[in-house]
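The values are calculated or read from the model by the stated rules, or taken from the named source; none is laboratory data. Just so it is clear, the structure is predicted and the values come from calculations on it, not from any experiment. Here Cβ is always computed from backbone atoms with ideal geometry, including for glycine, and neighbour counts include all displayed protein chains.
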Amino acid sequence: MSKITGSCWAFASTETVEDITKIKKGVLYDLSPQQLIDCDTRNDGCTSGYMYKAIKYIQRYGGITTWANYPYTSVTGTCDAFKAAETVTTISGYGEVISNSKQALMVAVARQPIAVAIDASDDFQQYSAGVFHGSCGIDTNVHVVSVIGYDDTDTSDKYWIMKNSWGSEWGEAGYIRMEKDVAA
């Protein structure tokens, strides 16, 4: 897998853990990507990182704190161990989905949200609404999003539901409906 540039890896990782915690415990926390950016030394802060290393950090560290306790600053800082120690949730493990397997992703997403790396092409960056049918590439602009579900009810427009870290002004309030079952 290509190394992910920027801090999207931290956002998608915390969003996935937030959603899993809500499913398992019934509590929705707004978790701190900044803790991962500052404290996860196996990743490179705002420069780049990997989702699986972020998940391993949360597991190894014994949890993660909230955004309110450890707010996002848009820069890599020094780890604040006191704030990081105020964990609110943890995870017991993680699994990996087979790359480029639509069926494996569908099975995984039916159970819980999944952080995935995608190509954030120009078409993707300009997305505003509807089912995204734009061009997709391979590893030219790797970006991480959370796949939170899918819709198979309309046979003509099946799509994945993904949450992006670019804020609620992007796409459909921060989400994208990306065409599903396209030929690779």
Of all residues being within 15 Å of residue 37 (Cα to Cα) and polar (S, T, N, Q) in region 65-91, which is modelled with the lowest pLDDT? Just the residue, please.
74
State whether the residues of region 93-103 include one that is in contact with a strand residue (DSSP E or B) (Cβ under 9 Å, 6 or more places away or on another chain), of a type in the set (A, V, I, L, M) and not assigned by TED's automatic domain parsing to the domain that holds residue 145.
yes
Residue pairs qualifying under the 9 Å Cβ cut-off, at least six apart or on distinct chains, with the first in region 100-126 being of a type outside the set (Asp, Glu) and crowded, with 16+ Cβ neighbours inside 10 Å and the second being in a helix (DSSP H, G or I) and modelled with pLDDT under 85, are none
Residue pairs, Cβ under 8 Å, 6 or more apart or interchain, first in region 162-175 and at positive phi, second hydrophobic (A, V, I, L, M, F, W, C) and surrounded by fewer than 21 Cβ atoms within 10 Å (Cβ to Cβ). List them.
171/129; 174/166
Restrict the check to region 54-62 and report whether at least one residue is of a type in the set (A, V, I, L, M, F, W, C) and within 23 Å of residue 152 (Cβ to Cβ).
no
I'd like the full set of residues that are of a type in the set (S, T, N, Q) and either surrounded by 16 or more Cβ atoms within 10 Å (Cβ to Cβ) or in a strand (DSSP E or B) (or both), limited to region 161-177.
164, 165
Given 94, 29, 127, which one is in a loop (DSSP other than H, G, I, E, B) and at pLDDT 95 or above?
29
